[in-house]
Amino acid sequence: MNRLTDKGRAALHWAFLAALREEKNEIGSIHLLMGIQCANPQILADVSLSSLGISPLDVSDVAQIQQEMQKRFMQASLARSKEESGVPGIAVPFAFGSKEIMEIAAKCSDSFGARTIGTPHLLYATLRVDSQLAGKLGQANLDGARVLSLCRDYKDGEEGESTAQMIQKMQGRTFRSGIGYDLHRLAGGRKLIVGGIELPFDKGPVGHSDGDVLAHAMCDAILGAAGAGDIGTHFPDTDPKWKGANSMLFLEHARKLLDEKHFAIEWIDAVVITEKPKLGPHFPKMREALAKALGVSIDHIHLKAKTNEGVDAIGRGEAIAAHVVATLTSR
Ligand code: MG
């Protein structure tokens with residue numbers, strides 16, 4: 001709770017009031033949505049809550065609201081005193097409907113590297129726990145992807161843009177895709193490193209660097225999308241500097257190039273082809289390592305695994321390969 005921004009905290013206060021007006025004992029997702037709208041009207045500026053059958057909260061008459069709250073507190077206090085005679089103090093009959101909302105909002109903020117939790121994260125979490133509400137808002141032009149963009153663009157101290165501003169920004173953006181492919185022969189006595197993670201296996205890639213096919217294909221896809229050549233031009237395998245190099249360095253270099261060219265990674269999709277070992281169980285760690293090197297959230301990286309059905313060099317376990325498509329946006 002102490003990571004909440006002023007507007008985030010205000011959203012909870014207004015949500016509390018919304019629940020109070022409906023004489024509910026719990027703050028539900030709809031109340032929180034109303035609270036978010038009151039605290040940061042900009043974020044839901046293009047969404048008419050009333051057209052979704054939700055009556056927006058009128059927060060213009062603060063004195064009346066205070067009066068109403070005081071009355072409810074008193075009632076609650078009296079009710080509790082009767083139940084537990086002799087116990088003084090004010091009892092609040094309210095509970096925050098879903099602890100889950102705060103947990104999801106916190107995780108969302110973490111995943112985009114923010115320190116504070118703002119109204120975009122609360123909105124994201126609200127829609128995650130209430131799929132019905134998410135469906136309604138999706139129809140009103142505020143779908144999950146758009147809310148996620150609000151969270152991605154969130155900066156500590158600012159509360160994000162309205163959807164209208166965002167659509168305008170999106171329209172000015174350029175999208176570019178790049179493709180990357182890599183293959184390495186597998187031989188005994190080499191470490192098998194894929195996606196920055198060492199996997200237990202009796203063979204590994206033959207190569208100048210650590211031979212990480214996934215990282216190499218990813219690097220090429222990113223460089224291709226940015227129109228910045230390929231991995232060979234940036235890290236020639238004739239240069240002893242790159243002998244045995246950790247391929248995460250290549251991705252970090254690609255990331256710097258993207259910054260210089262004002263490109264951001266929108267999405268990366270990859271497939272790694274190998275007969276053995278099974279890669280799926282290692283994907284969470286690989287995504288973490290790749291996302292860290294590229295400075296993006298793991299939500300931007302998608303990994304898939306395939307075998308080659310026993311056919312060709314890959315099928316015989318003599319090689320490992322990867323294909324990657326990277327999509328960038330200008331910023
Ligand atoms: Mg390679």
Worksheet entry | Sequence of 31, 208 from largest to smallest accessible area, 1.4 Å probe | 208, 31
Discussion item. How large is the accessible surface of residue 230 in square angstrom, using a 1.4 angstrom probe and rounding to the nearest 10?
Written reply: 70
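Got a number for carbon plus sulfur as a percent of the chain's accessible area, 1.4 Å probe? Don't jump to the answer; show the numbers that get you there.
On the way: 8780 of 17010 Å².
On the chain, the fraction of accessible area on carbon and sulfur atoms equals 52 percent.
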Discussion item. Need one number: the % of Cα-Cα pairs in the chain sitting beyond the 25 Å mark.
Written reply: 61
Response to the item:
Here the percent of antiparallel bridges among DSSP beta bridges lying wholly in the chain, to the nearest 5, is 75
Worksheet item: About its Cα centre, what dipole magnitude does the chain give when the only charges are +1 on Lys and Arg Cβ and -1 on Asp and Glu Cβ, stated in debye to the nearest 20?
Response: 300
Worksheet item: If you add up the charges near residue 305, with Lys and Arg at +1 and Asp and Glu at -1, over every other residue whose beta carbon is less than 12 angstrom from its beta carbon, what do you get?
Response: +3
Fill in: Using alpha-carbon coordinates, inclination of helix 62-83 to the longest axis of the chain, degrees
80
Worksheet item: Between residue 22 and residue 156, what FRET efficiency follows from the Cβ-Cβ distance if R0 is 41 Å, with the result rounded to 0.05?
Response: 0.80
Discussion item. Given axes a ≥ b ≥ c from the Cα gyration tensor, I'd like to know whether region 224-313 is rounded (a/c under 1.5), prolate (a/b larger than b/c) or oblate.
Written reply: oblate
Worksheet item: Accessible area of residue 260, 1.4 Å probe, to the nearest 10 Å²?
Response: 130
Worksheet item: Accessible area, 1.4 Å probe, largest first: how do 177, 209 sort?
Response: 177, 209
Worksheet item: Which value, in Å² and to the nearest 10, is the accessible area of residue 111 when all protein chains are kept and the probe is 1.4 Å?
Response: 40
Item to complete: Under 13 Å from the Cβ of residue 101, count the other residues' Cβ atoms, weight Lys and Arg +1, Asp and Glu -1, and hand me the total.
Response: -1
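The values are calculated or read from the model by the stated rules, or taken from the named source; none is laboratory data. Being a predicted model, the structure only gives us computed values, none of them experimental. All Cβ positions, glycine included, derive from the backbone under ideal geometry; neighbour counts span all protein chains shown. Quick note on the areas: whole protein, heavy atoms, side chains included, nothing else; ligands and nucleic acids left out. Shrake-Rupley method; radii C 1.70, N 1.55, O 1.52, S 1.80 Å.
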